[in-house]
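Comments concern the structure below.
The values are calculated or read from the model by the stated rules, or taken from the named source; none is laboratory data. Note that the structure is a prediction, hence the values are computed from the model and not measured. With ideal geometry, Cβ positions are generated from the backbone for all residues, glycine too; neighbour counts draw on all protein chains shown. To get the accessible areas, we keep the full protein, side chains included, count just its heavy atoms, and leave off ligands, DNA and RNA. Shrake-Rupley method; radii C 1.70, N 1.55, O 1.52, S 1.80 Å.
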Amino acid sequence: MTGLLVTADPTTCVTSCMCVYRAPEVFDQDDDGLVVVLDARPPAELHDAVRRAARGCPTQSITLTDQPL
Amino acid sequence: MSLPDAVDYPFAWEPPMEVPAGWRTLREHSLQPVRLPSGDPAVLVTRYRDVKALFSDHRLSRNTGRYPTSRISPNNEIFNDPEIDNDPPRYLEERSLVVRAFSARRIESLRPHVWEIADELMDAMAAAEQPVDLMESFAFPLPIRVICRLLGVPHEEHAKFRELVDGFLSVTKLPTEEVERCRVGLWTYLGELIDAKRHHPTNDLTSELVKISDEDQKKLSDHQLQHWVQTLLIAGYVTTASQIGTSMAVLLHRPHLVREVQADFGIVPTAVEELLRYQLMGTSLGSLRYCLEDIELSDGTVVPKGSTVMLSVESNFDEEVFTCPMDLDIHRRENNHMSFGSGIHYCAGAPLARMELQVSMEGLLRRFPGLRLAQPGEDLPRVEGGFLGGFSYVPVRW
Ligand code: HEM
């Protein structure tokens, strides 16, 4: 079993909101509309949504790393 | 590698209710030379993976007013203000001041107001004689009223405002002098609006930007402020109106899909997304760039320095990325289409546009369960000679 480490870069975020739409349990935005990670190690049932969120980001500001649990 | 012969762009909208023939074979070549409506040359990057990469490539400049970029039409200076720097890093600093108003939370807080506007427009439709033109009665008034609300245009000035905007954007066909009168009139009006907000701030985006500009002119000068307010208008009005009208027409042309949505309104966001991908109104003219250096595409073809480049929205039909791309699948799960662009110029208003499209589809199909086209979809007239090739008239009955 591997876990997933989620990081996001607010300096390249363009506020498309795609991550919030696709994985609201894991991504949020600050007052400037920039990405905030709520849960850097989301449970397995959210991995699919998180991967779709990462693929949907127009500036590839989300990085996913597979990690041993 | 030799390039194919240049073709006229935009392509013909044939067949009318399907993916146009010219888009289907486009990706055989990674770079397609085209002639713009002005007669000037440009190149169209056709494949999704190249389009996506080039949207984030700084060797393509969006400062088309500062370089010898090909013209779209003989007189389209309006979108090129040479005083405005459209490239990073400066551009991103300005953009960030604006897009904070388009966060998921703030757009969601506008949703009830958009429902109110939609309900009012549908009340008027219900009282009118059928068939009703969906463009005139719903698709155009909805986004302009939403923008008025966002920018804080007072209610009693809506009519005057829309007249100037419509004239300037040639929504209504007017002689050149009239368009010019509206252009100047709108710019003057926006200056007055900004002044009014300076003295009496209200709860809207214009007042928010005025405050930033007054605190620090280096962050946002008066001219930049006025330019941004105008840009939001230009970029957010006719685009959204065309997409509301055209996507509803494409859907209504397929009654079995209408029934599917009505059986489960939970699929509205997915259906809206698929109709954005499968849009039969967009062209790639909105993504015009100037090429600052030779750029190699993934198959080795070179985009030459000095060329005018378009990043293809037709890449929404690239079979390398989308399963059965020519099918309209309102349940499509992975849908990273290019209709809002990509990279640093990704449509700033996309969250708002999405929400307006969702409210429109759900509102119309709930309020008018028997909604249908009053004329065969194949016969709907299109807007001629603009950025967008959406339908100009969409008569409906219910
Ligand atoms: C369905 C409706 C819409 C479509 C299809 C659309 C499409 C696009 C596209 C393709 C771009 C990228 C242009 C480029 O790369 O050069 C763009 C940019 C932009 N859009 Fe939209 N748009 C829509 C609605 C809106 C709305 C509602 C607003 C605001 C109220 C808006 C504001 C903007 C702005 C400000 C930009 C420039 C962003 C930048 O350059 O960083 N758009 N839009």
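Of all the residues in the stretch B:177-212, those that are closer than 20 Å to residue B:241 by Cβ and open to solvent by 80 Å² or more (accessible area, probe 1.4 Å) number 1. For the stretch B:246-256, the condition holds for no residue, the condition being that it is over 24 Å from residue B:397 (Cα atoms) and of a type outside the set (S, T, N, Q). Considering B:54, B:121, the condition of being assigned to a helix (DSSP H, G or I), within 20 Å of the chain's Cα centre (by Cα) and either on the phi < 0 side of the Ramachandran plot or within 14 Å of the ligand (Cβ to nearest atom) (or both) is satisfied by B:54 alone. Number of residues in the stretch B:182-205 that are assigned to a helix (DSSP H, G or I) and of a type in the set (S, T, N, Q) equals 1. Each residue in the stretch A:1-20 was checked for being of a type in the set (S, T, N, Q), out of contact with any helix residue (DSSP H, G or I) (no Cβ under 9 Å at 6 or more places or on another chain) and within 13 Å of chain B (Cβ to nearest Cβ), and 1 of them qualify.
The sole residue among B:174, B:251 that is among the aliphatic types (A, V, I, L, M) and open to solvent by 30 Å² or more (accessible area, probe 1.4 Å) is B:174. Restricting B:117, B:107 to those that are more than 14 Å from chain A (Cβ to nearest Cβ) and open to solvent by less than 30 Å² (accessible area, probe 1.4 Å) reduces the list to B:117. Looking only at residues that are away from every other protein chain (no Cβ under 14 Å) and among the basic types (Lys, Arg) in the stretch B:189-244, which one is nearest to the ligand (Cβ to nearest atom)? Looking at the filtered set, the residue picked out is B:197. For the stretch B:94-104, filtered to residues that are in contact (Cβ under 8 Å) with a residue 40 or more places away in the chain and either part of a loop (DSSP other than H, G, I, E, B) or away from the ligand (no atom under 12 Å from the Cβ) (or both), the residue that is nearest to residue B:221 (Cα to Cα) is B:103.
Please verify whether the stretch B:168-177 includes one or more residues that are more than 16 Å from the ligand (Cβ to nearest atom), without any contact (Cβ under 8 Å) to a residue 40 or more places away in the chain, closer than 23 Å to residue B:111 by Cβ and more than 14 Å from chain A (Cβ to nearest Cβ). No. Considered as a group, the residues in the stretch B:308-339 that are of a type in the set (A, V, I, L, M) and part of a loop (DSSP other than H, G, I, E, B) include one that is farthest from residue B:10 (Cα to Cα), and that residue is B:330. The single condition among (1) out of contact with any Gly (no Cβ under 9 Å at 6 or more places or on another chain); (2) under 30 Å from residue B:29 (Cβ atoms); (3) within 14 Å of chain A (Cβ to nearest Cβ); (4) among the hydrophobic types (A, V, I, L, M, F, W, C) that residue B:355 does not meet is (2). I'd like to know if the stretch A:40-52 contains one or more residues that are of a type outside the set (Lys, Arg) and facing another protein chain (nearest Cβ under 8 Å). Looking for residues that are of a type outside the set (Lys, Arg) and facing another protein chain (nearest Cβ under 8 Å), one finds none in the stretch A:40-52, hence no. From the list B:87, B:123, the lone residue that is in contact (Cβ under 8 Å) with a residue 24 or more places away in the chain and open to solvent by 20 Å² or more (accessible area, probe 1.4 Å) is B:87.
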